[in-house]
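Q: Have a look at the structure that comes next, please.
The values are calculated or read from the model by the stated rules, or taken from the named source; none is laboratory data. Being a predicted model, the structure only gives us computed values, none of them experimental. For neighbour counting, all protein chains shown are included, and Cβ atoms are generated from backbone atoms with ideal geometry for every residue, glycine included. Side chains are part of the model used for accessible areas, which takes the heavy atoms of the whole protein and leaves out ligands, DNA and RNA. Shrake-Rupley method; radii C 1.70, N 1.55, O 1.52, S 1.80 Å.
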Amino acid sequence: MNDQKTQLVVIGAGPGGYAAAFYAADLGMNVTLVDTELNPGGVCLYRGCIPSKALLHAAKVVSESRDAKEFGITFNEPRIDVDKLRAWKDNVVSKMTGNLGLLAKSRKVAFIQGKATFVDSNTVKVKRPGSSPQNVRFEHAILATGSRPISLPNVPNSPLILNSTTALEIQTIPSSLLVVGGGYIGLELGTVYAELGSEVSVVEMTPGLLPGADRDLVNVLEKRLKTIFKSITLGTKVAKVEPTVKNVKVTFENPDGKTSQQTYDKILIAVGRKPNSSDLGLENTKVKITAKGFVQVDLQRRTTDPAIFAIGDIAGEPMLAHKASHEGRVAVDAIAGKKTAFEPKAIPAVVFTDPEIAWCGLTETQARQENRAIAVAKFPWGASGRAMTLNRTDGLTKLILDPDTQRVLGMAIVGPGAGELIAEGVLAVEMGSTAEDIKLAIHPHPTTSE
Ligand code: NAD
C-alpha cells in the first residue's frame with residue numbers, strides 16, 4: 001500500500017475543512033485534504049448553501065415581477081424551464097468547486113478524493129475510487145466531516161419523498177408539496193418551490209416556525225409566507241408517510257392526538273441534521289463523542305486525542321458554514337502554536353427567505369430564558385424611505401442593549417436584505433460598540449442600513 005506523510009491532514013473539504021487546509025498551507029504547513037467529492041466544497045457548495053441560494057434568487061425574480069403589479073408594471077406569468085434552471089444552478093456549483101480545486105493546487109495542498117478512516121491516532125486510510133487505498137501518516141488531523149439530513153422514523157424510500165439534497169436536484173415542480181419541518185431548510189426550499197409554481201403546505205411540530213428565533217421577527221415572515229404557501233400548520237406531527245407510485249399519503253397528528261390525512265404529489269422532509277461522526281474509525285483513536293453524536297472539543301477545537309482536532313457541524317451547534325470556517329482557522333492557529341480560542345460573541349444566523357431573517361449575538365428569546373436584563377431598541381421599517389421605495393415596509397431592526405452601559409449585545413433584523421445588513425451587527429457586538437457609536441457613524445442615505 002502507498003504511504004504518504006503529512007504534517008496536517010484535513011478530513012472533509014467543506015467550508016470548515018478547505019478554509020483550515022488553505023490557511024495552514026498559507027502558514028507554511030505541509031497539508032493533505034481528503035474528501036469523497038472530486039473537488040473541495042462540501043455540503044455547502046455541492047448540496048446546501050450555494051445551490052439553494054441560486055434557486056432562491058430565481059424565486060425572488062418571480063416574486064418581484066409579480067409584486068411589480070402594485071406599481072403599475074404587469075408581466076405575464078413566468079414560463080419555467082426546469083432543466084435550464086437546474087443546469088444554471090449546477091454550473092454555479094461546478095464553477096465554484098472547480099475554483100476551489102485550483103486554489104488547493106496553487107497552495108500546494110495535496111487533495112485526495114476518497115473516504116478516510118482512522119487506523120490509529122496518527123494514521124488514516126483513504127479508500128480512493130478506482131485506485132488502491134492509501135495510508136496517510138500525520139502529525140495533526142482536523143476532522144471536518146459535517147452533517148447529513150435526518151429523516152422521520154419508518155419513512156420508506158421513494159422518489160416522491162425528498163430531503164434537502166434531492167429537493168435541490170429539482171427534477172420537476174410538483175403540483176403539490178408538503179414540507180415537513182418549519183426550520184431553515186423547510187422555509188427556504190418551500191419558498192423556492194412555491195415561487196416556481198407548487199402548491200406548498202408546511203407542517204411544523206412545535207407551536208411556531210423557526211423555533212428559537214425571536215417571535216416578532218418570525219411573525220413578519222409568517223405573514224408574507226401565508227401569501228405564498230397554501231397552508232402553514234403548527235403544533236402538528238407527521239405520524240405516517242405512505243408513498244404510492246403516484247403520490248404520498250400523509251397522516252397528521254395534532255396535540256390532542258386527533259389524526260387526519262392528506263395526499264400530496266411530493267413531500268420534503270426537513271426536520272434537522274445530524275453530525276457525521278460514525279464510520280470514521282474514531283474508536284481507533286482517543287476521540288470521544290457526545291450523546292448527540294458531536295465530537296467533544298475544547299476551546300481550541302482539540303478533541304480528547306491530542307493529535308486530532310474537530311471543527312464545523314461535527315463539533316457542535318450551530319451548524320453553519322461560517323462558524324466552521326472560523327473554527328478551522330482557530331484549530332490551525334492552535335496547531336501552529338499560536339495563542340487562540342474559539343470565543344465568538346456573535347455568530348450570525350441568516351434564514352434566506354423573503355423577507356430574510358438574520359440575527360447575531362444575544363437574542364431577546366435567549367435573554368428572557370436566562371433572566372438577563374436588557375434594553376431593546378426597535379426600528380420598524382415603515383418609517384424607512386428606502387424600504388418604501390422598495391415597496392417593502394414589512395421589516396424590523398432590533399438592537400439588544402445592556403441597559404446600564406448601552407453596549408450592543410445583539411442585533412436582529414427581518415426584511416429584504418437582512419442577511420447583508422447583519423454584518424454591521426456582528427461588527428458592533430464583536431467590537432463592543434454602544435448604541436451611540438452606531439448612531440455617530442454616518443450611514444448612507446437612502447439605504448435600509450440607516
Ligand atoms: P431545523 O432544526 O432548522 O428545523 C427543523 C424543524 O423541523 C424544526 O422546526 C422542528 O421543530 C421541525 N420538526 C422536527 N420533527 C418534526 C416532525 N416530525 N414533524 C414536523 N416538524 C418537525 O433543521 P433544518 O431546517 O433541517 O436545517 C438543519 C440545519 O441546517 C439548520 O439547523 C442550520 O444549522 C442548517 N441550515 C442553515 C441554513 C442557513 O444558514 N440559511 C439553511 C439551511 C440549513
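Q: Binning at 5 Å from 0, report for region 294-338 what percent of all alpha-carbon pair distances ends up in each bin.
A: Calculated over all Cα pairs of region 294-338, the distribution is 5, 27, 34, 23, 9, 1 percent.
Q: Let me ask another. How big is region 388-450 by Rg and Dmax over its Cα atoms, in Å?
A: Rg and Dmax of region 388-450, Cα atoms, are 12.1, 37 Å.
Q: Continuing with this model, one more query. Averaging sequence separations of C-alpha pairs under 8 Å and six or more residues apart, then dividing by the length of the chain, give the relative contact order as a whole percent. Working shown, then result.
A: Details: 955 pairs, mean separation 67.1, N = 450.
15 percent.
Q: Amide H neighbours of VAL10 under 5 Å, at least 5 residues apart or on other chains, H built in the peptide plane: list them.
A: THR32, LEU33, VAL34, ILE142
Q: What percent do you get for the relative contact order of region 152-300 when only Cα pairs under 8 Å and 6+ apart count?
A: Relative CO of region 152-300 lands at 28 percent.
Q: Could you sort LYS53, LYS230 by their accessible area in this structure, using a 1.4 Å probe and putting the largest first? Before the final figure, lay out each step's value.
A: On the way: LYS53 55, LYS230 130 Å².
Ranked list, largest accessible area first: LYS230, LYS53.
Q: To continue, here is another question. Could you please state how large a percent of the accessible area of region 1-44 is carbon and sulfur, counting protein chains only and using a 1.4 Å probe?
A: That share works out to 47 percent.
Q: Check which residues have an amide H placed less than 5 Å from LEU268's amide H, if you skip close sequence neighbours.
A: LEU162, LEU178, VAL179, VAL180
Q: What are the ³J(HN,Hα) couplings of region 289-306, residue after residue, when phi is run through the Karplus curve with 6.51, -1.76, 1.60 and θ = phi - 60°? Round to Hz, x for glycine and proline.
A: 10, 7, 4, 8, x, 7, 7, 6, 9, 9, 5, 8, 6, 8, 7, 6, 9, x
Q: Quick check: from the Cα gyration tensor, does the chain come out rounded (a/c under 1.5), prolate or oblate?
A: Working: a/c = 1.69, a/b = 1.25, b/c = 1.35.
The shape class here is oblate.
Q: Dipole magnitude of region 64-124 about its Cα centre, charges +1 at Lys/Arg Cβ and -1 at Asp/Glu Cβ only, in debye to the nearest 20?
A: On the way: 11 positive and 8 negative charges, 84 e Å.
The calculation lands at about 400 debye.
Q: Hey, another quick one. Tell me which DSSP H helices of the chain clear both cut-offs, 15 Å or more of axial length from alpha-carbon atoms and a mean Kyte-Doolittle hydropathy of at least 0.0.
A: 15-26, 49-67, 184-196, 418-430
Q: Next question, about the same structure. Got a sec? What order do PHE352, PHE252, PHE309 fall in by accessible area at 1.4 Å, biggest, i.e. largest, first?
A: So the residues, ranked largest to smallest area, are PHE352, PHE252, PHE309.
Q: Work out the charge dipole of region 1-110 with +1 on the Cβ of Lys and Arg and -1 on the Cβ of Asp and Glu about the Cα centre, then indicate which of GLY72, LEU103, ILE50 is farthest towards its positive end.
A: LEU103
Q: Give the residue from GLN296, GLN171, ALA270 lying farthest towards the positive end of the charge dipole for region 168-301; charges sit on Cβ (+1 for Lys and Arg, -1 for Asp and Glu) and the dipole is referred to the Cα centre.
A: GLN296
Q: Loop only per DSSP, at most 16 neighbouring Cβ atoms within 10 Å: give me the GluC sites (Glu not before Pro) in region 280-356, ordered by residue number. All intermediate terms of the calculation are to be shown ahead of the outcome.
A: Numbers: sites: GLU283, GLU327, GLU356; in loops: none.
Answer by residue number: there is no such site.
Q: Got a sec? What order do ASP402, ASP81, ASP279, ASP298 fall in by accessible area at 1.4 Å, biggest, i.e. largest, first?
A: ASP279, ASP81, ASP298, ASP402
Q: Could you report region 68-141's accessible area per residue, 1.4 Å probe, as an integer in Å²?
A: 64
Q: Near GLN296, within a Cβ-to-Cβ distance under 11 Å, what is the net charge of the other residues, with Lys and Arg +1 and Asp and Glu -1?
A: Once positives and negatives cancel, what remains is +3.
Q: With unit charges on the beta carbons (Lys and Arg positive, Asp and Glu negative) and the dipole taken about the Cα centre of the chain, which residue among GLY361, PHE22, GLN7 sits farthest to the positive side?
A: It is GLN7.
Q: Rounded to whole Hz and in sequence order, give me ³J(HN,Hα) for region 163-168 from the Karplus expression 6.51 cos²θ - 1.76 cosθ + 1.60, θ = phi - 60°, writing x for Gly and Pro.
A: Result, rounded to whole Hz: 10, 4, 5, 6, 5, 6.
Q: Whole-Hz ³J(HN,Hα) for each residue in region 138-155, computed from phi via Karplus 6.51 cos²θ - 1.76 cosθ + 1.60 with θ = phi - 60°, x for glycine and proline: what do you get?
A: These are the phi-based 3J(HN,Hα) values: 9, 7, 9, 10, 10, 8, 9, 8, x, 9, 9, x, 9, 10, 9, x, 6, 9 Hz.
Q: Taking the Cα centre of region 1-140 as origin, sum charge times position over the Cβ atoms of Lys and Arg (+1) and Asp and Glu (-1), and report the length of that vector in debye to the nearest 20.
A: Computed about the Cα centre, the dipole is about 280 debye.
Q: Here is a follow-up. For a quick check: with amide H placed at 1.01 Å from N, whose amide H comes under 5 Å from LEU409's, ignoring anything fewer than 5 positions away on the same chain?
A: When sequence neighbours closer than 5 places are left aside, the close amide H contacts are ILE400, LEU401, ASP402.
Q: What net charge do the residues around GLY16 carry, taking every other residue with its C-beta under 12 Å from that of GLY16, with Lys and Arg at +1 and Asp and Glu at -1?
A: Surrounding charge for GLY16 is 0.
Q: Using a 1.4 angstrom probe, figure out how much accessible area region 360-450 has per residue, in square angstrom, rounded to the nearest whole.
A: Ligands and nucleic acids excluded, the result is 54 Å² per residue.
Q: Not counting ligands, DNA or RNA, and with a 1.4 Å probe, what is TRP359's accessible surface area in Å² rounded to the nearest 10?
A: It works out to around 40 Å².
Q: Once you charge only the Cβ atoms, +1 for Lys and Arg and -1 for Asp and Glu, what is the size of the charge dipole of the chain about its Cα centre, to the nearest 20 debye? Display every interim value, and only then the final one.
A: Working: 51 positive and 47 negative charges, 192 e Å.
Using only the charged Cβ atoms, the result is roughly 920 debye.
Q: How high is the relative contact order of region 1-137, in percent, counting Cα pairs under 8 Å that sit 6 or more residues apart?
A: About 33 percent, as a whole number.
Q: Something else now. Can you give me the C-alpha center-to-center distance between region 1-39 and region 164-191, rounded to a whole angstrom?
A: With region 1-39 and region 164-191 each reduced to a Cα centre, they are spaced 33 Å.
Q: Further question: Provide the solvent-accessible area of SER260, counting protein heavy atoms only and rolling a 1.4 Å probe, rounded to the nearest 10 Å².
A: 60
Q: Oh, and also: Could you give the distance between the Cα centres of region 395-409 and region 418-450, to the whole Å?
A: Taking the Cα centre of region 418-450 as reference, the centre of region 395-409 is 11 Å away.
Q: Can you give me the C-alpha center-to-center distance between region 240-275 and region 67-91, rounded to a whole angstrom?
A: Comparing the Cα centres of region 240-275 and region 67-91, I get a distance of 30 Å.
Q: In what sequence, highest mean first, do 175-182, 9-16 appear when ranked by Cβ atoms within 10 angstrom?
A: Output ranking for 175-182, 9-16: 9-16, 175-182.
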